[in-house]
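Right, one structure below, let's go through it.
Nothing in this text is a laboratory measurement; each read-out follows from the coordinates by a stated rule. Just so you know, these numbers come straight off a predicted model, no measurement behind them. Note: ideal-geometry Cβ built from the backbone for every residue, glycine included; neighbour counts use all protein chains shown.
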Amino acid sequence: MMRAAKVVGKFVEFHGEGAVSLSATDRATIANMAPEYGATMGFFPTDEETCQYLLATGRDEAHVELVRRYYKAQGMFGIPKKGECDYSAVYDLDLASIVPSVAGPKRPQDRIQLSQLKERFNELMVKPVSEGGYGKSEDELWTRYHVKIGADRQRVVAGGGEQRTETVPGISAAGVSDQGTSVWTETEMVNNRPTPDLVHEIPEDEYPSGDELLGHGDVLIAAITSCTNTSNPSVMLAAGLLAKKAVERGLSVSPKVKNSLAPGSQGRAATVSE
C-alpha cells in the first residue's frame, strides 16, 4: 500500500486507534521497515507507551517525566486519532487484512504470501530474468552442487602499522563456540573485515568438514540477522521457541546451516528444511 502511495522520500506518520494499540517494540519494527515501503522514515508520535518503554529500559522516573512534560508542552504528546491532525495525505490500513508474507526474492519491497511461497518459488526460478525471475531450466532446478564446508580458526590481520591475530572461538560441542554462539557466525564476523586474508578451513578432527550437496531451495542460513527483527525482542524469542519446538519434534540441523541462537537442552535452536 505504501509503495502504491509513492511515499519514497517522505516521512510517514502512523496514527489512529490501531497505532495506539501497538506496543513500543511493534512500532519499532514497523518504523524500521521504512526501506521496505520506501519512505525516508516511519514515525510513531511519543505517548505513554513510549514512556513506559523508557522506564522498562533503565531510564529513571525523573528523566521519563521530563520527556513527558516536554512533549506535552510542545503539543506533541500522544498519537492523534483520525481527523485530529491535518496530514498531507491519509491512507487507511485494516490490520486484519495483513497475512504472513516473505520479503523478496530480489528486493525487500517484493512480497510473497507465505501460503503461495512454494508455488511462487518454483515459478520465479524458471521465469526469464527480464521478467524478474532467475531464468533457470527445469534440469537446473534439481541439480545438486558439491561445496566445501569448514573454516580455519586463525588469521593474521595487518592494519594501523601493526599485525594482530584474530581467532574464531573454540568449539565446545555440536558446532557451538566457547562463547555459546554458532562457530559459523563467529567465522563470518572474523571474515567480515576489509582485508584479503580470510579464515580458512577448520581441521576435520576439530569440526566436521567436507563436501556438501547444495541445490536451489536449500536453507543455508537460519539466523535472525535483520535489524527489523532484532528491533523487537518478541520476534526473536518467537523464532527461538519455534526452533526449539521443531527440534523437540525431531528436526535436526545440517552442518551446512548457520544458526544464530544458543543451544537449549534439546539441541541447537534453528529450523531447517530442504
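Amide hydrogen proximity for Arg111: with H placed 1.01 Å from N in the peptide plane, the residues at 5 or more positions away or on another chain lying under 5 Å are Gly104. The order of the peptides 247-254, 60-67 by mean Cβ neighbours within 10 Å, most packed first, is 247-254, 60-67.
Can you tell me the FRET efficiency between Met236 and Leu66 if r is taken as the Cβ-Cβ distance and R0 is 41 Å, rounded to the nearest 0.05? Step by step, r from the Cβ atoms, then E = 0.85.
Going 7 Å from the Cα of Leu213 toward and past its Cβ, which residues in segment 109-150 have a backbone nitrogen under 14 Å from where you end up? Answer for segment 109-150: 142-147. For segment 99-138, the square roots of the Cα gyration tensor eigenvalues, ordered a ≥ b ≥ c, give a/c of at least 1.5 with a/b no greater than b/c, which places it in the oblate category.
Each of Ser252 and Phe121 was given a label point 7 Å from its Cα along the Cα-to-Cβ line. The distance between the two points is 2.2 nm.
Of the trypsin sites (Lys or Arg not before Pro) found in segment 13-113, those that fall in a DSSP loop while having at most 15 other beta-carbon atoms within 10 Å are Arg59, Lys81, Lys82, Lys106. Karplus-derived 3J(HN,Hα) values for segment 57-67, using 6.51 cos²θ - 1.76 cosθ + 1.60 with θ = phi - 60°, are 9, x, 6, 7, 5, 5, 5, 5, 5, 4, 4 Hz; glycine and proline are entered as x.
Across segment 14-27, rounded Karplus estimates of 3J(HN,Hα) from the backbone phi angles (6.51 cos²θ - 1.76 cosθ + 1.60, θ = phi - 60°) give 9, 8, x, 5, x, 5, 4, 6, 7, 6, 4, 6, 5, 5 Hz, Gly and Pro being marked x. With each label modelled as a point 7 angstrom along the Cα→C-beta vector, the Ala96-Arg144 pair spans 4.8 nm. Length gained on full extension, Thr57 to Ser23, computed as 0.36 nm times the residue gap minus the Cα-Cα distance: 10.8 nm.
Amide H contacts of Ser101: Leu114, each under 5 Å away and 5 or more positions distant or on a separate chain (H built 1.01 Å from N in the peptide plane; Pro and chain starts excluded). If you sort the three axes of the alpha carbon gyration tensor as a ≥ b ≥ c, you get a/c of 1.5 or more for segment 11-88 and a/b no higher than b/c, which makes it oblate. Computed from phi, the 3J(HN,Hα) profile of segment 90-98 under the Karplus parametrisation 6.51, -1.76, 1.60 (θ = phi - 60°) reads 10, 10, 9, 10, 7, 4, 5, 7, 6 Hz, with x in place of Gly and Pro. For the peptides 5-18, 87-100, residues were scored by their other Cβ atoms within 10 Å and the scores averaged per peptide; the highest-first order is 5-18, 87-100.
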